[in-house]
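To start, the structure under review is shown below, and the notes come after it.
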Amino acid sequence: MTETKDPAAGIVVREGDYGDRIAAVEPGGAGFIPLDQRHGRPRALFWTWTSPNLEFATVFLGVLAVAAFGLTFWQAAAAIVVGTALGSVTHGVLSARGPRYGVPEMVLGRVPFGYRGNLLPSTLNSVAGGVGWFAVNSVSGSLALNTLTGLPKPLCLAIVVALQAGVAFFGHNLVHAYERYAFPVLAVVFAVASAIILAKADFGAPAPAGAGPGGIGGFLVVVGATFGYAAGWNPYAADYTRYLPPDTDRKATGLSAALGVFTGCVVLEVVGAASATLGGKALADPTGAFTGHLPSVVANLTLLVIAIGAVGANAINIYSGSMSFVATGIRLPLPVGLQRALVAVAFGAVGLVVAYFGLDDAGHDYEAFLLVIAYWIGPWLGVVLTDMALRRRTPVPDERMEAMTFDTGHRSWAGPAAMALGVVLSVWLFSNQEKYVGVVPDRWPSFGDITFAVGFVIAAAAYTALRRAPGFRPNG
């Protein structure tokens, strides 16, 4: 099977009969989804995006807000809502475009970045999703399975990775189906566990002594971290809506996707913050500390759904990571019909190795990763959303937009230049990591870490200016 190009429109069309079949390997790579293959309803996006967030990595972010960043419960809850809301809104906006254009998110990124310039965000997303997020969630799932069964950690990790890679190998329909059927199981068990934790929590407890920056600095760090967690799904948005019929209601599509991310993240992050008020080894043994506050039966069920949730999260991470790799335009000596599926397996293998070395210091590694992930997504969003806003003023026909996504001659160096400028300047000025503290927080710690926001603004302003400059101006 091959993908063909419609000479009239210049669009690469994905061939093969797939439809709504679940037990079938999704054919093709990052091509346009033919109209006769479209299916699904917007409401399904709610559980597609709630389920992958019903896992322990989400809980642990709330734990970090109190135990590592030095906030009280109520300060943490407020920061969680603000950061998650920002990342959820942008996720809804990007998801709404999928049915109209019928291509993955990173293929749509070729419009503001150009065909070649899009290599920058696509490569970053391949590594961040297919390897980085994959490793983070694999560690949380394997630690839960280890605590539940007593099996060696490496064996638990291998089991979790094999399940994740298997779902991603089959592709789009199986990913959606897994999230749909996992949702009620995850929701019920986490609801019971959450009720118990919230009933025991000390909501008036002061911030832990020596736990981190605290105050406005800690608040801004948590806003950045929770934004990074929610917005970490943004580069995947259209991947899961591109199969919907083109006349699907855009508001319903965006709202369902945004609410899914917001609900799953906020609920479990707030519960994680509440659990940190109960004491215990929240950072040294995060999974054990959380389930240690639960009755044994509920604790065991919670450990089980933590593993199930990790599979759901990473099925999405590895599927979209492989989709982003295909969107780079790099051609591998593989059949086009299986290229995405085999790349998913390859990412699983690499993620397995990375996760293995993170088993013994999961909390520390996760804390750093959450902030770093937002460093590139903020500037990327600045370019993408600014381009969308500018094109609303001077719209072009959908046919031209679709053609630009596959035109190898389409150039827009304003996109990669603005994104790179946003990343470099914002990190230099505002990064607040253990290994590097930017100029501003080094002198004024109360600034916390607002790198993602500064990067967004710089990239948006730079793109607006550069897209009119000779040599940077888009040719479409």
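Worth pointing out:
- Cα-projected label distance for MET388 with ALA162, points at 7 Å along beta-carbon direction, nm: 4.1 nm
- Extension gain from LYS200 to LEU342, taking 0.36 nm per residue of separation minus the Cα-Cα distance: 46.4 nm
- Per-residue Karplus couplings for the range 460-476, computed as 6.51 cos²θ - 1.76 cosθ + 1.60 with θ equal to phi - 60°, are listed in order as 5, 5, 5, 5, 4, 6, 5, 5, 9, 8, x, x, 10, 4, x, 9, x Hz, Gly and Pro entered as x.
- ARG473/VAL437 FRET efficiency (R0 22 Å; Cβ-Cβ; nearest 0.05): 0.05
- Of interest is the spacing of the C-alpha centroids, which for the range 40-86 and the range 144-212 amounts to 13 Å.
- Working note: Cα atoms of the range 155-256, range along each principal axis, descending, whole Å: 52, 38, 27.
- Taking amide H as placed 1.01 Å from N in the peptide plane, ASN432 has its amide H under 5 Å from the amide H of GLY438, each at least 5 places away in sequence or on another chain.
- Over the chain, DSSP H runs of length four or greater, each weighted -39,500 (n - 2.57), average out per residue to a 222 nm ellipticity of -21000 deg cm²/dmol.
- Charging the Cβ of each Asp and Glu at -1 and of each Lys and Arg at +1, and nothing else, the dipole of the range 410-476 about its Cα centre rounds to 440 debye.
- On Cα atoms only, tilt of 215-231 relative to the major axis of the chain in degrees: 50 degrees
- For the chain, the equivalent ellipsoid derived from the Cα gyration tensor has semi-axes of 35, 27, 18 Å, listed largest first.
- Geometric descriptor of the range 1-96, per residue, is 157 Å³ (volume of the convex hull of the Cα atoms).
- Between the helical axis of 73-95 and the longest alpha-carbon principal axis of the chain there is an angle of about 20 degrees.
- The alpha carbon centroids of the range 275-323 and the range 445-473 are separated by 36 Å.
- Note on ALA461 and VAL298: the model spin-label points, each 7 Å out from Cα along the C-beta direction, lie 5.0 nm apart.
- For GLY114, residues with placed amide H under 5 Å, excluding near neighbours: SER412
- Per-residue HN-Hα couplings for the range 449-454 [Karplus 6.51, -1.76, 1.60; θ = phi - 60°; Hz; x = Gly/Pro]: 9, 10, 4, 4, 5, 5
- Residues in the range 315-332 carry Karplus couplings, in order, of 4, 6, 4, 6, 5, 6, x, 5, 5, 5, 5, 4, 5, 5, x, 5, 9, 9 Hz; the curve used is 6.51 cos²θ - 1.76 cosθ + 1.60 with θ = phi - 60°, and Gly or Pro positions show x.
- Between the Cα long axis of helix 250-276 and the first principal axis of the chain there is an angle of about 20°, rounded to the nearest 10.
- Between PHE32 and VAL12, VAL13, ARG14, the built amide H atoms are under 5 Å apart, and every one of these is 5 or more places off in sequence or on another chain.
- Pair VAL350, LEU35: separation of 7 Å Cα→Cβ label points (nm): 3.8 nm
- Qualifying trypsin sites (Lys or Arg not before Pro) in the range 214-321, where qualification requires a DSSP coil assignment and no more than 13 other C-beta atoms within 10 Å, comprise LYS281.
Each reported figure results from applying straightforward, stated rules to the coordinates on display, with no laboratory input. Predicted, not measured: the structure shown is a model, and the values here were computed from it. Every residue, glycine among them, receives a Cβ derived from its backbone with ideal geometry; neighbour counts consider all protein chains shown.
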